[in-house]
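Colleague: My structure is below; once you've seen it, I'll send some questions.
Derivation of every value follows stated rules applied to the coordinates shown; laboratory data play no part. Treat the numbers as computed from the prediction; the structure is a model and nothing was measured. Note: ideal-geometry Cβ built from the backbone for every residue, glycine included; neighbour counts use all protein chains shown.
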Amino acid sequence: MSSVKIIMAESAGFCFGVKRAVDTVSQEITRCADEGRGPLYTYGPIIHNEQVVSRLEQQGVRVIGSTEELRRVRQGTVVIRSHGVPKEIYRILNDNGLHTIDATCPFVKKIHQIVEKESGNGRHIIIIGNDSHPEVEGIRGWCGGDVSVIETHQEAESLIIPEDREVCVVSQTTFNSNKFKDLVEIIRKKRYDILVLNTICSATEERQNEARTIAAQADAMIVIGDDRSSNTQKLFEICKAVCRRTYHVQTAADLQPAWLMDIRSIGITAGASTPNNIIEEVQNNVRLNV
Ligand code: F3S
C-alpha cells in the first residue's frame, strides 16, 4: 500500500447554485416534453463543463449562444443559468413569448438587486471581477447608470471617477477574497463616498480557504475543472501561490505520472462546476498511481 497521503477537499465539486441549475435542466427535459413546451434551451451552456453540457445536448437540450440567436427563437422554454443575465434578456424572452425558467443563483440575483437599487440612488457602480465573464456581464446589465469593471491593481489605481462621487462596490461571486480587499483599499484612498458590499459567495470563500490550507501542507496539488471555469482558475492561482507543484486537469486523462513522483502528500480540489464522477475518477487515478 502506498504511503502517499491524499488530502481531498470536502468543498470540492458542485456548489449549491450550480447543482440547482443543472437539476433544473434535467427536470425540465421530461416536463417540457410532457407539457408540450419544447424545444428546451439554455441561454449559454448551463455550466462551464463540457461533459455535462454534451450529456444534456444528447438529451435534446439546445444551447442559445448569443443575444442575436435568442432574438430569433420564437417557441420553447429557456432556462437561465446560475450566472444570471442582463435585464434586457428578460425583456427579449418575454417579447418572444418564451417560457422562462430562471435558475439564476440567488446570491447572484441579490447582486442584481443591489446594483439596480444603488444605480437608482445615483451611485456609480464598481464591479470587481472579470469583465468578459457572463456573471459580470449580467450584473452590468442591471446597472441603470455609470458602471466600471476592474480586476487588477493597475485597473484600480488608474480608475478615474469624479471626486466626491458616490460609488458602490460589489464583487463577482467567485472573486479571490484577499484580492478583493486589496482592490477596495486602493479605491478607498480615492476619497469617494464609498459603499462596499462584499458579494463574494461564501461557498467560494470556503472552497478557496480550504484549497489554500490543503495546498500549503501538500507536496503537490491537483485542481480539477473546466478550462473556462473562472472559479477553477482562481483556485489554481491560490494553490499555486503556496504550492509550486500545482497542476490543473479537466479530467483524469490529463493527469501526468511525473506529477506524482517524489511526493509524500497530494491535495485534490475542484471548481464549483466539476461533476462528482470526474472528481472521483481523478481521485481513483491518483490513488492507483502513487
Ligand atoms: Fe451561487 Fe456561489 Fe455557486 S454564487 S453559483 S452558490 S459559487
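Colleague: May I ask for the net charge around Thr152, where only other residues with Cβ less than 12 Å from the Cβ of Thr152 are counted and Lys, Arg are +1 while Asp, Glu are -1? Walk me through the numbers before you get to the answer.
Modeller: Numbers: positive: Lys179; negative: Asp131, Glu151, Glu155, Glu157, Asp182.
Taking every other residue near Thr152 into account, the sum is -4.
Colleague: Next question. Give, in whole angstrom and from largest to smallest, the semi-axes √(5λ) of the equivalent ellipsoid of the range 61-170, with λ running over the eigenvalues of the Cα gyration tensor. Please report the intermediate quantities before stating the final value.
Modeller: Numbers: eigenvalues 175, 41, 28 Å².
Values for the range 61-170, descending: 30, 14, 12 Å.
Colleague: Let me ask you something else. Treating only the Cβ atoms of Lys and Arg (+1) and Asp and Glu (-1) as charged, compute the dipole magnitude of the chain about its Cα centre; round to the nearest 20 debye.
Modeller: Value, rounded to 20: 240 debye.
Colleague: To continue, here is another question. With charges only on Cβ, +1 for K and R and -1 for D and E, what is the dipole size of the range 104-226 about its Cα centre, in debye, rounded to 20?
Modeller: Approximately 300 debye in magnitude.
Colleague: Output the relative contact order of the chain, whole-number percent, from Cα pairs under 8 angstrom with separation of 6+ residues.
Modeller: Taking the mean separation of contacting Cα pairs over the length of the chain, I get 21 percent.
Colleague: Sticking with this one: Compute a Gaussian network model of the chain, connecting alpha carbons closer than 10 Å, and tell me which residue from Phe107, Phe180, Phe16 fluctuates the most.
Modeller: Between Phe107, Phe180, Phe16, it is Phe16 that shows the largest mean-square fluctuation.
Colleague: So if I place +1 on the C-beta of Lys and Arg and -1 on the C-beta of Asp and Glu, and nothing else carries charge, what would the dipole magnitude of the range 87-129 be about its Cα centre? I want it in debye, nearest 20.
Modeller: For this selection, approximately 160 debye.
Colleague: Between Ile64, Ile200, Ile126, find the one with the highest GNM mean-square fluctuation for the chain; connect C-alpha pairs within less than 10 Å.
Modeller: Ile64
Colleague: Please list, or write none, the lysines whose alpha carbon is within less than 22 Å of the alpha carbon of Lys87, excluding same-chain residues fewer than 8 places away.
Modeller: Partners found: Lys109, Lys110, Lys117.
Colleague: Please compute the contact order of the range 25-155 in relative form: average sequence separation of alpha-carbon pairs under 8 Å and at least six residues apart, divided by the residue count, as a percent. Could the numbers behind the result be given before it?
Modeller: Working: 208 pairs, mean separation 27.1, N = 131.
Contact order relative to length: 21 percent.
Colleague: Now for a different question. Hey, can you list the DSSP H helices of the chain whose Cα span along the axis is 15 Å or longer and whose average Kyte-Doolittle score is at least -1.0?
Modeller: Helices meeting the span and hydropathy rule in the chain are 16-35, 106-120, 177-188, 230-242, 276-289.
Colleague: Over the range 133-180, consider all pairs of different Cα atoms and compute the Kirkwood hydrodynamic radius from their mean reciprocal separation; express it in Å, one decimal.
Modeller: Roughly 12.2 Å, rounded to one decimal.
Colleague: In vacuum, with every alpha carbon of the range 188-233 counted as one equal point scatterer, what does the Debye formula give for log10 I(q)/I(0) at q = 0.25 Å⁻¹? Two decimals, please.
Modeller: Log10 of I(q)/I(0), two decimals: -0.97.
Colleague: Straight-line reach from Lys5: which lysines have Cα under 28 Å away, leaving out those fewer than 8 places along the same chain?
Modeller: Answer for Lys5, where 28 Å is the Cα cut-off: Lys234, Lys240, listed by chain and number.
Colleague: Using Cα-only point scatterers and the Debye equation, what is log10 of I(q)/I(0) for the range 1-123 at each q in 0.13, 0.14, 0.19 Å⁻¹, rounded to two decimals?
Modeller: Here the Debye-derived log intensity ratios amount to -0.59, -0.66, -1.05.
Colleague: Another question, if that's okay. Just want to confirm a number: the relative contact order over the range 126-168, from Cα pairs under 8 angstrom separated by 6+ residues, in percent.
Modeller: For the range 126-168, the relative contact order is 45 percent.
Colleague: Rank Ser202, Ser273, Ser171 by mean-square fluctuation in a GNM of the chain with C-alpha springs under 10 angstrom and give only the top-ranked residue.
Modeller: Top of the fluctuation ranking is Ser202.
Colleague: What per residue convex hull volume, in Å³, do the alpha-carbon atoms of the range 161-273 yield?
Modeller: Details: hull volume 11.5 nm³, N = 113.
Residue-normalised Cα hull volume stands at 102 Å³.
Colleague: Rounded to two decimals, what ratio of Rg to Rh does the chain give with C-alpha atoms and a Kirkwood Rh? Spell out each step's value before the answer.
Modeller: Numbers: Rg = 20.8 Å, Rh = 20.4 Å.
Rounded to two decimals, Rg/Rh equals 1.02.
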